[in-house]
There are 2 protein chains.
Amino acid sequence: MIGAMMNKQRSRRTPPPQDCPLDVCLRLLAGAWTPKVLWYLCDEPRRFGDLRRDIGTITSKVLTTRLREMEELGVVAREVIPSSPPQVSYSLTQLGKELKPVLDAMTQVGEKLGRKIE
Amino acid sequence: MIGAMMNKQRSRRTPPPQDCPLDVCLRLLAGAWTPKVLWYLCDEPRRFGDLRRDIGTITSKVLTTRLREMEELGVVAREVIPSSPPQVSYSLTQLGKELKPVLDAMTQVGEKLGRKIE
DNA sequence: CGGTATCCCAATGGATACTG
DNA sequence: CAGTATCCATTGGGATACCG
């Protein structure tokens, strides 16, 4: 079963192939909610539930997914604080903080783009 | 096109809800191939077919889609040169050129992210 | 040359329920 | 509190064919 399923059929869905650095960064930022997670982590570390409430309508499944992939890329750090009830705190790493200027730059252009919309 | 996208009925609940400038910029850049199109238009105007060949494996359907939405946002300009065979030239507008620093910033962070991957 | 028109698939992520 | 586990609707965009 696994063998069969691992047989990647490359016929369709030839993905944007190169892993140039731009694509890498984009794949991170384009994940749903990712910019908002970064935004709320910018100022200070936050716990899972706080993040969830801050962002508003994100489900815990998706929030978990995003945090896990950000963690794997070294953009956020996860710290478990043994206590009862359990607490898990998320914060930006040094690398994560380097995304701030990117978000700011995108916001600036976004404002000009935005005037074209509505 | 993105404008239409923004009025579209949301399926189940209100997903990525706010249209903050960051989201607007991101929706543009996250379109498949969009960064590459921008990249190849950076230096000089290019014709449709040239862009297609530059990028390599993009289909004309998708290239058209991307160029149309970039045009609607005022990021690229489309110029039809009456001749035989017909020529259509695409170039970055002033606003489009402002995306260059954004791409550069993303590339820089992407390089550091990339070292985490492979 | 510079596109449209179809058809269709697989990944993304939303809804909901449940757990240590 | 901080997640997992399922299930499934939406959709971006790839393949292919065709056109003025």
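In the set B:LEU51, B:LEU113, only one residue is in contact with a Leu (Cβ under 8 Å, 6 or more places away or on another chain), within 9 Å of DNA strand C (Cβ to nearest atom) and farther than 24 Å from A:GLY114 by Cβ; that residue is B:LEU51.
With the structure loaded, tell me whether B:LYS97 is within 16 Å of DNA strand D (Cβ to nearest atom), modelled with pLDDT of 95 or more, within 14 Å of chain A (Cβ to nearest Cβ) and under 30 Å from A:MET70 (Cα atoms) or whether it fails that test.
Values: within 16 Å of DNA strand D (Cβ to nearest atom): no; modelled with pLDDT of 95 or more: yes; within 14 Å of chain A (Cβ to nearest Cβ): yes; under 30 Å from A:MET70 (Cα atoms): yes.
No.
Restricting to segment A:104-118, give me the number of residues that are within 7 Å of another protein chain (Cβ to nearest Cβ) and open to solvent by 60 Å² or more (accessible area, probe 1.4 Å). The qualifying residues number 3. Under the condition of being more than 8 Å from DNA strand D (Cβ to nearest atom) and assigned to a loop (DSSP other than H, G, I, E, B), the residues counted in segment A:48-64 number 3.
State all residues of segment B:26-60 that are more than 14 Å from chain A (Cβ to nearest Cβ), open to solvent by less than 40 Å² (accessible area, probe 1.4 Å) and within 25 Å of A:GLY110 (Cβ to Cβ); if no residue qualifies, say none. Lay out the reasoning, then the answer.
So in segment B:26-60, the residues more than 14 Å from chain A (Cβ to nearest Cβ) come out as B:41, B:43-53, B:60.
Okay, now just the ones that are also open to solvent by less than 40 Å² (accessible area, probe 1.4 Å), so B:41, B:49, B:51.
Correct list: B:LEU41, B:LEU51.
Applying the criterion of being in contact with an Asp or Glu (Cβ under 9 Å, 6 or more places away or on another chain) and among the small types (Gly, Ala, Ser) to the residues of segment B:81-104, the residue that is farthest from B:GLU44 (Cα to Cα) is B:SER89.
Yes or no: segment B:82-103 includes at least one residue that is at negative phi, open to solvent by less than 30 Å² (accessible area, probe 1.4 Å) and part of a loop (DSSP other than H, G, I, E, B). Checked against the condition, which is being at negative phi, open to solvent by less than 30 Å² (accessible area, probe 1.4 Å) and part of a loop (DSSP other than H, G, I, E, B), segment B:82-103 yields no hits at all.
The values are calculated or read from the model by the stated rules, or taken from the named source; none is laboratory data. Computed from a prediction, not measured in an experiment: that's the story for all the values here. Counting neighbours? That spans all protein chains shown, and the Cβs are built from the backbone with ideal geometry, glycine included. Quick note on the areas: whole protein, heavy atoms, side chains included, nothing else; ligands and nucleic acids left out. Shrake-Rupley method; radii C 1.70, N 1.55, O 1.52, S 1.80 Å.
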